[in-house]
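K.L.:
There's a structure below that I have some questions on.
FYI, it's all coordinate maths here, none of it is from the lab. This one's a predicted model, so the numbers in the text were calculated from it and none came from an experiment. Backbone-built Cβ (ideal geometry, glycine too); neighbour counts: all protein chains shown.
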Amino acid sequence: MSMQEFLHMGGYGFYVWTSYGLWALVMVLNLYFSRAREKNIYRKLKQRIQ
Amino acid sequence: MYKWIHQFGSPKYFYDVSFRVSFWCGVVCVIFLLAGLYGGLVLAPADYQQGDSFRIIYIHVPSAWMSMFVYMVMAVSGGISLIWRIKVNEVIARSAAPLGASFTFLALATGSLWGKPMWGAWWVWDARLTSELILLFLYLGYMALVSAFEDRRTGARAGAILALVGVVNIPIIHYSVEWWNTLHQGPTVTKFSSPSIHTSMLIPLLLMWIGFMCYFFSVLMIRARAEILEYEANASWVRDLVNQSAKRRSI
């Protein structure tokens, strides 16, 4: 199977890759914002105590 | 056993354990997702009816399963917090909501991207799709309600009641394809008889599902940690933790 064939997905490339892309985006953003929130709260606590 | 369960009710204990849980779940998540993606996108053969478009199943079905599972986590945890007023359960319930909403959104969006080439429509007002959309609104309603209160604990209690009432939607989603005549295909995996999906297609699906589960628990712990710090901002253990953290943890 060639790379091009793989990306083409038998003509359904747009639907398949949009799905997978959207999924990856949502997963990464969820992780990123959760971590950012944790760090943010931690920083605030630190400032308040010091 | 009771003591073992009991200590999870302590915010400090939960906070400490959450680091290990989020780390190891994250590791397992990456392994299973990579294996699942390889199996689903490369190894599994194209479907004889749907061609390669069926590969959306590896995102769509685990997302849909998770959308319901996370809701149950949220509702049960909310219920426990209502009865026993355990802070950790409030924290878990409100931390689960955005994740559940994300999975519900993914299930709807990927379903739409699958429906267009297969059914010829992005959206139909069919029982399965409509009840899943209601689930998304339940999550969003919960998040709005919980954050509308000045007092965190009152908000969590109000949210828990909403979540418990909304549980009625979960069996409706699950059985919608059997109760109503719908465009959505019937269950192929969760049947009492053996699943009507070939093993080479089923295994990647199960791998993806485990990956999704671990992802959920990993990020849930991260979110819960942030919430616990907010809840317990005035507790002495949080103050001690922040004071001596610089050298131990690089958050």
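K.L.:
Only loop residues by DSSP count here, and only those with at most 14 other Cβ atoms within 10 Å; note down the trypsin sites (Lys or Arg not before Pro) in the range B:72-117 that meet that.
P.N.:
Answer by residue number: B:Arg85.
K.L.:
Which ³J(HN,Hα) values in Hz, rounded to whole numbers, follow from the phi angles of the range B:82-87 under the Karplus curve 6.51 cos²θ - 1.76 cosθ + 1.60, where θ = phi - 60° and Gly and Pro get x?
P.N.:
Per-residue couplings from phi come out as 5, 7, 9, 6, 8, 4 Hz.
K.L.:
Give the separation of the Cα centroids, the range B:45-66 to the range B:103-166, in Å.
P.N.:
Comparing the Cα centres of the range B:45-66 and the range B:103-166, I get a distance of 22 Å.
K.L.:
Determine, for B:Tyr13, B:Tyr2, the number of other Cβ atoms within 10 Å of each Cβ, and report the residues in order from fewest to most.
P.N.:
B:Tyr2, B:Tyr13
K.L.:
If I fit a long axis through the Cα atoms of helix B:152-166 and take the longest principal axis of the Cα atoms of chain B, what angle between them do I get, 0 to 90°, rounded to 10?
P.N.:
30
K.L.:
Still on this structure: Do you know the relative contact order of chain B, to the nearest whole percent, from alpha carbon pairs under 8 angstrom that are 6+ apart?
P.N.:
In percent, rounded to a whole number, it is 33.
K.L.:
Follow-up. With a sphere of radius 9 Å drawn around the Cβ of B:Glu232, what net charge do the other residues whose Cβ falls strictly inside it have (Lys, Arg +1; Asp, Glu -1)?
P.N.:
Summing Lys/Arg as +1 and Asp/Glu as -1 gives +1.
K.L.:
Tilt of helix B:127-147 relative to the longest C-alpha principal axis of chain B, in degrees (0 to 90, nearest 10)?
P.N.:
10
K.L.:
Between B:Arg239 and B:Arg20, with labels modelled 7 Å along Cα→Cβ, what's the label distance in nm to one decimal, could you check?
P.N.:
2.9
K.L.:
Find the all-direction average of the projected area of the Cα convex hull for the protein assembly as shown, expressing the result in square nanometres with one decimal place.
P.N.:
Working: hull surface 72.1 nm².
With every direction weighted equally, the projected area is 18.0 nm².
K.L.:
Also, quick follow-up: Using a cut-off of under 17 Å, list every residue of the range B:101-115 whose amide N is near the label point 7 Å from the Cα of A:Phe14 along the Cα-to-beta-carbon line.
P.N.:
B:110-115
K.L.:
Taking chain B as the reference, fit the longest principal axis to its C-alpha atoms, fit the long axis of helix B:169-179 to the helix C-alpha atoms, and give the angle between the two in degrees, 0 to 90, nearest 10.
P.N.:
The angle comes out near 10 degrees.
K.L.:
What nm value, rounded to one decimal, do you get for the distance between B:Tyr13 and B:Val30 when each label is placed 7 Å out toward the C-beta?
P.N.:
Each label point is offset 7 Å from its Cα along the Cβ direction, giving 3.1 nm.
K.L.:
For B:Leu202 and B:Val165, what does the FRET efficiency come to when R0 = 35 Å and r is the distance between their Cβ atoms, rounded to the nearest 0.05?
P.N.:
0.50
K.L.:
For the range B:55-195, what's the radius of gyration and Dmax over Cα atoms, in angstrom?
P.N.:
When restricted to the Cα atoms of the range B:55-195, Rg and Dmax are 16.1, 51 Å.
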